[in-house]
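Note sheet for the following structure.
The values are calculated or read from the model by the stated rules, or taken from the named source; none is laboratory data. What you see is a predicted model; the values in this text were computed from it and never measured. Heads up, the Cβs are rebuilt from the backbone with ideal geometry, glycines too, and the neighbour counts pull from every protein chain shown. Heavy atoms of the whole protein, side chains included, go into the accessibility calculation; ligands, DNA and RNA do not. Shrake-Rupley method; radii C 1.70, N 1.55, O 1.52, S 1.80 Å.
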Amino acid sequence: MDGQEEFLKEFGDFYGYPNAPKSIDEIRSTEFKRLEDTVYLDHAGATLYSELQMEAIFKDLTTTVYGNPHSQSDSSSATSDIVREARRQVLDYCNASQKDYKCIFTSGATAALKLIGENFPWSCKSTFMYTMENHNSVLGLREYALNQGAAAFAVDINEAVDQDGASRSSLTSCKVLQHPVQIRNEAKILEGELTGDAYNLFAFPSECNFSGMRFSLDLVNNVKQNAEKILEGSPYSKGHWMVLIDAAKGFATQPPDLSLYPADFVVISFYKLFGYPTGLGALIIRNGAAKLLKKTYFSGGTVAASIADIDFVRRREGVEEQFEDGTISFLNIASIRHGFKIFNTLTTSAMCWHTMSLTKFLKRKLLALRHENGESVCTLYGNCPLKVSRHDCGSIVSFNLKRPDGSWFGHREVEKLASLYGIQLRTGCFCNPGACAKYLGLSHSDLLSNLEAGHVCWDDNDVINGKPTGAVRVSFGYMSTYEDAKKFIDFIRSSFISMPSFEDRLPSSACHLKSITIYPIKSCAGFSLNSWPLSNTGLQYDREWLLKSLTGEILTQKKVPEMFLIKTFINLNQQILSVESPYCKSKLQIKLDSDSYLPGKEEFYLQNQRYEVQCYENEINQWFSDAVGQPCTLVRCCQSEYCFSLNKNRSMGMCRDVNSKVNFANEAQFLLISEESVSDLNNRLCSKTQKLSCGAPPNVNPMRFRPNLVISGGEPYAEDGWRNLRIGNTYFSSLGGCNRCQMINFYQQTGQVKKTNEPLATLASYRRVKGKILFGILLRYDPGNKARLDTNSWLKVGDEVHSNSE
C-alpha cells in the first residue's frame, strides 16, 4: 500500500470534498492553476483566492456601475443593497440573528479591534483579561485599558479532556491560571473599590494562530455568567463581563455559532477567508454592546447633521452608520459574495474535515521521523489530539526540528531551504508573543536578553543561547492537497535527516591563480584582468562604490536584478571608472580623482558599521537612476570603521571577523573560489538533472559566485581546510567558508536577468553546516606575517598558490 492509499484509507471520508460538485483535484486543476510549481502552506497568513472567484469579481466590476453608497442615485442605491446583503451573509455565516447583531465593516481585523479599544467603557474599576495565546493586535487593547486606570492580566485556560481527547465543556472542567495583574495608575485604583458596576472585557481567539489549538466557545457563557467562580473570587472578577472573540484565523472553517455562544464582539478578516479582498475586515457586534461604546470622533457618513461654527452634532442612530467612518470600501465589500459562493458550495463542515485530515496526517508523519541514532527529529507545539476530530485543532502545524545531537535547527534555515524547493511557509512567532513564549519555554529574562542581543521580529536570529526564538508553521487551506503535505514531508526528510557530511578532502596538489575580478560598484558586474594592485582594503577599488535609494536603502541584485547588467571597468592609466548599461544610451565615465563630488561628506551605517562617503552630482545620479529603473544616488567610500575580532579557535565553515579594513564588501576583503569545486558542483547538477529527467543540466560558471580570485588545480573543496595561504608573494589568512544566498541563482541570458533555484538547492543538499550553505572561502591579509603589504603589491594571473592547514 503506497502512501496515498494509506492516507485515503483513513481520511477518505473527510478529504477532498466527496459530496461537493468538484473534487479537490478538479478544484486545483481548474481554479488554482498558478500553484503547479508551488507548495503553498501559509494559509494562516493569507489564504489564496480562486481564479474563478477573481473572474467572477472582474466580470461583476466591469459590468456593474457601483456608486458611493452615501449618495442617492440609482447606482448608489444599488450599492447600498449589495452592502446590506453582504452584512447579512457575514451574520448568517456565524448564525447571528440580525435582530441581535450588526456587522460593521472595517479595514481589517486589527482595525476592528482598535475600534473596540478606543470606544470601550473603560474605567479605573474595569478589568481586561486575555488568554496568553493572543495576537499582538489583541494585546494592543491593553494600552487603552491601562491608560484608563483599568487592571489587565493574562490567563492560561486549561480544559480537561476525555479519554478520546475531546475537550469537556462543563464549568468545572475549565481551570484558569492567572498571571500577574498589570496596573499603571495604582493610586487611582485604590481610591475606588472594585464594584459590580464596571464593564470588563475578556478576549480569546477561536483558534490560536501559533499552535492551531481551538478554544472551547463555552468560555463565552462561562465568563459572562460565572467569572467570579472561574477566577476563584478574585477582586478583579466583579462587574459586567463582555467577551471578544478574535476569529481572524478560525472563522473560515469553524465560525462561532453566536446563537449558542453570544459573544459581544467578533472580529474577522476577509483575506484570511477567501484570499481576496485584502484591506477589509468586520466587527460583528451585539446590539447591547454597541450601545455601551463611547465614540468621540464623527465623520462623513456617521452624522445626521452638524453645524460648522458651533458645538453641535447629531449622530446617526444605526450601529453600522455610527462606526463606519467615511466611505466604506464598497467595491471590496461587493466582492465578498463571490467568496461566500465558494464556501456555500463546499460547506464549512467539509472544509473543516478536509483541512483537519491534512493536519492530522502531517503531524503523525513529523512525529514519526527519527535520526539514525533514534532521536526524534520534530517537536510539535500545541496539545491537539491526533484522533480524527475537527473540534480541538485547526489547520496549523507548528514545530521545530532537532539535529541528532539534540541541538535545534533554526526556523529561518528551514524557511530559506523550503523556498528553494518551491515551498512557501512562515516562521517566527507569528505576532503571537504569548503563545510563542509559552510553547518554546521562554522566560521573561530569556525574552529580554534576546532583545538585548539584537533579536527583533522577522530577523534571522532564530536560535539564541541554545533556544529557538520562534517556530516553523505550516497551515492548510480549503484547496490544499495530499500532494502538498507529501512534498513537505519529503523536503524535511531529504534536508534535515539524510544530511551527508562534507567528503574527506585529499591532500592539496599544486594550484595557481586562474583569474582576478574587481567589482567597483557593489552588486554590479565586475571586470577581470591579468594583474591588479592591492590596497589596504583588498583589491584596489573593489566595492568602493554603491547605490542608495532616496530613502537610504542600499540597492543590491536581490532587490534590483537590473544591477547585474551594469558593466564596469577601471583604466588605471587614465584613472577613469567606465560604466555601461543597456538602459542608458551613453557610457558614463567617472574620474577616480573626481571633480564631480558634492561639497562635504556624508555618514551612514551598513551592517552596524559606520562609513564616511563622498556623494556625486545629479548628472551621475540620473544616469544610474535610468540604469536601475528607480531614483538612486552613487556614493564612494572614503573611510570606514569596519572592525573585526579574530577567534583563534575558528572551525571550518564559520567565518570569523578580523582586524582589517573593507569597503562595501559584505564580509571580507577577498572571496576565493576553486575551479575544481565548481566542477564537482556541476557534476552533481548533471546527476540530479538526469535522475529527475528534467532537460539539459545547468552549467555553473565560477563567476556566478562573484569571486575576486579563482584558482585552478588541487582537489575539490581542499580550500575548506586552509588556514593560511600565499599567492605569489602575498600572504592571506582564511576566515572560513562563505555563506551563500539566493543571489547565486541569478544569471544573465540574452540580455535579461533570470532566476532559478540552482545551484543553491544542490549546494544545500551537501554543503550545509549549522544553517549555512558554504561555498568558497573568505580571505584577509595576514597581519602577523612579516611580509607586509606595500603600495607596490600586485596579484598576477598564473601566481602559484601555496597553502597550509595547520
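Observations
- Matching label, Kirkwood radius over Cα pairs in Å computed from the structure shown, candidates (1) 28.3; (2) 33.3; (3) 30.5: (3)
- Taking the 1.4 Å solvent-accessible surface of the chain as the whole, the part contributed by carbon and sulfur is 48%.
- Mean shadow area of the range 511-804 over all directions, Cα convex hull, nm²: 15.9 nm²
- Förster radius 25 Å - calculated FRET efficiency between Phe312 and Lys99 (Cβ-Cβ, nearest 0.05): 0.20
- Rounded to the nearest 20 debye, dipole of the range 511-804 from Cβ charges on Lys, Arg, Asp, Glu: 920 debye
- Shown here for the range 244-353: GluC sites (Glu not before Pro) in loop regions (DSSP other than H, G, I, E, B) with at most 11 other Cβ atoms within 10 Å, namely Glu317.
- Net +/- balance of residues flanking Trp241 in space, Cβ distance below 10 Å, scoring K and R +1, D and E -1: 0
- Charged-residue dipole, Cβ positions (Lys, Arg, Asp, Glu), the chain about Cα centre, Debye nearest 20: 640 debye
- Accessible surface of Glu26 - all protein chains present, 1.4 Å probe, nearest 10 Å²: 90 Å²
- Residues whose placed amide H lies under 5 Å from that of Ile423, excluding near-sequence neighbours: Val39
- ³J(HN,Hα), Karplus 6.51/-1.76/1.60, whole Hz, each residue of the range 223-239, x for Gly, Pro: 6, 5, 9, 9, 4, 4, 6, 4, 8, 6, x, 4, x, 7, 8, 6, x
- Projecting the Cα positions of Gln690, Thr537, Leu588 onto the charge dipole of the range 511-804 (unit charges on Cβ atoms of Lys, Arg, Asp and Glu, taken about the Cα centre) puts Gln690 furthest along the positive direction.
- Estimated from helices alone, the mean residue ellipticity of the chain at 222 nm is -8000 deg cm²/dmol (sum of -39500 (n - 2.57) over DSSP H runs with n ≥ 4, per residue).
- For the range 29-84, chymotrypsin sites (Phe, Trp or Tyr not before Pro) are listed when DSSP marks them as loop and at most 12 other Cβ atoms sit within 10 Å of their Cβ; the list is empty.
- Amide H contacts under 5 Å for Leu795: Trp532, Leu534, restricted to partners 5 or more places along the chain or on a different chain, H placed in the peptide plane at 1.01 Å from N.
- Relative contact order (%) - criterion: Cα under 8 Å, at least six apart; region: the chain: 11 percent
- Probing with 1.4 Å while keeping every protein chain in the model, the per residue accessible area of the chain equals 45 Å².
- For trypsin sites (Lys or Arg not before Pro), the sites in the range 89-152 that DSSP calls loop and that have at most 13 other Cβ atoms within 10 Å are Lys99.
- Per-residue 3J(HN,Hα) values for the range 749-754, derived from phi via the Karplus relation 6.51 cos²θ - 1.76 cosθ + 1.60 with θ = phi - 60°, read 9, 6, x, 10, 8, 10 Hz in sequence order (x marks Gly and Pro).
- Here the range 21-157 is treated with +1 on each Lys and Arg Cβ and -1 on each Asp and Glu Cβ, and its dipole about the Cα centre works out to around 580 debye.
- Think of the chain as a dipole: +1 on every Lys or Arg Cβ, -1 on every Asp or Glu Cβ, centred on the Cα centre; then among Ser329, Gly721, Val90, Gly721 lies furthest on the positive end.
- Summary of the geometry: the range 602-622 and the range 748-777, compared by the centres of their Cα atoms, lie 30 Å apart.
- Backbone HN-Hα couplings from phi across the range 558-565 [Karplus 6.51/-1.76/1.60, Hz, Gly and Pro as x]: 4, 9, 10, x, 4, 5, 4, 8
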